Amino acid sequence: SRKPRVQNRDYYFRPGLTYSVVSSGRLSVRLMPEGWIFSDKGSAIFAEESAADQRFLLGYLNSALATYFMKRIVNTTATAHLGYVEKLPYRRPTPDLESTVIEHVSQIVETLKGHPEADIQTLRDEIDEAIFDLFEIRSSREEIRRFYRTVGLVEQPDDDQAARE
């Protein structure tokens, strides 16, 4: 008979990050508060060092560049199992860059707690700029932004095409 076995018990109930394994669109990483557990469909990521590192990872993984890396290089399908997330390129940020991203992520988290529909686009754009700088992305920024804006969207036929069909 097959007996279930619990894995990674030491990580149960610890704060971390979580994301849905299946998504045709962008990576969408969220804070996972203390007291929660994860599963195979709602995987978790734990920062090795501190809560500040967790906030930096949250900013990086939700950036346009991380989505571009995931959907264009690492895995072009709708799944993002843990092994795929681990393959994403990572660079350790300078203290100043890390501080900037953490500050913006903290502002986004606090803003969305009080106003879930708040416009946080300016802060997201500033995080994207910091991540582009970290990876020394110069000439491809607009292409990556364009990809990020459209990933997961279904193309709608124009009126002329719809009339012909």
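Details
- Matching option when the condition is at pLDDT below 95 and farther than 29 Å from ASP10 by Cα, among ILE108, ILE73: ILE73
- Selection status of ILE102, surrounded by fewer than 16 Cβ atoms within 10 Å (Cβ to Cβ), at pLDDT 80 or above and hydrophobic (A, V, I, L, M, F, W, C): no
A quick yes/no check of all residues on (1) at pLDDT 90 or above; (2) aliphatic (A, V, I, L, M); (3) open to solvent by less than 70 Å² (accessible area, probe 1.4 Å); (4) in contact with a helix residue (DSSP H, G or I) (Cβ under 8 Å, 6 or more places away or on another chain):
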| position | (1), (2), (3), (4) |
| --- | --- |
| ILE120 | yes, yes, yes, yes |
| ILE131 | yes, yes, yes, yes |
| ARG145 | yes, no, yes, yes |
| LEU153 | no, yes, no, no |
| ASP158 | no, no, no, no |
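- Restricting the search to strands (runs of 3 or more DSSP E) fully inside segment 12-68 and requiring at least 1 residues that are under 29 Å from THR150 (Cα atoms) and at pLDDT below 80 gives 16-20, 42-45.
- Inclusion of GLU136 among residues that are at pLDDT 95 or above, closer than 18 Å to LEU61 by Cα and outside any helix (DSSP H, G or I) is warranted.
- Members of segment 76-99 that are surrounded by fewer than 16 Cβ atoms within 10 Å (Cβ to Cβ), small (Gly, Ala, Ser) and modelled with pLDDT under 85: ALA78, GLY83
The values are calculated or read from the model by the stated rules, or taken from the named source; none is laboratory data. Predicted, not measured: the structure shown is a model, and the values here were computed from it. Using ideal geometry, Cβ is built from the backbone for each residue, glycine included, and neighbour counts are taken over all protein chains shown. Accessible surface is based on the protein model in full, side chains and every heavy atom, while ligands, DNA and RNA are left aside. Shrake-Rupley method; radii C 1.70, N 1.55, O 1.52, S 1.80 Å.
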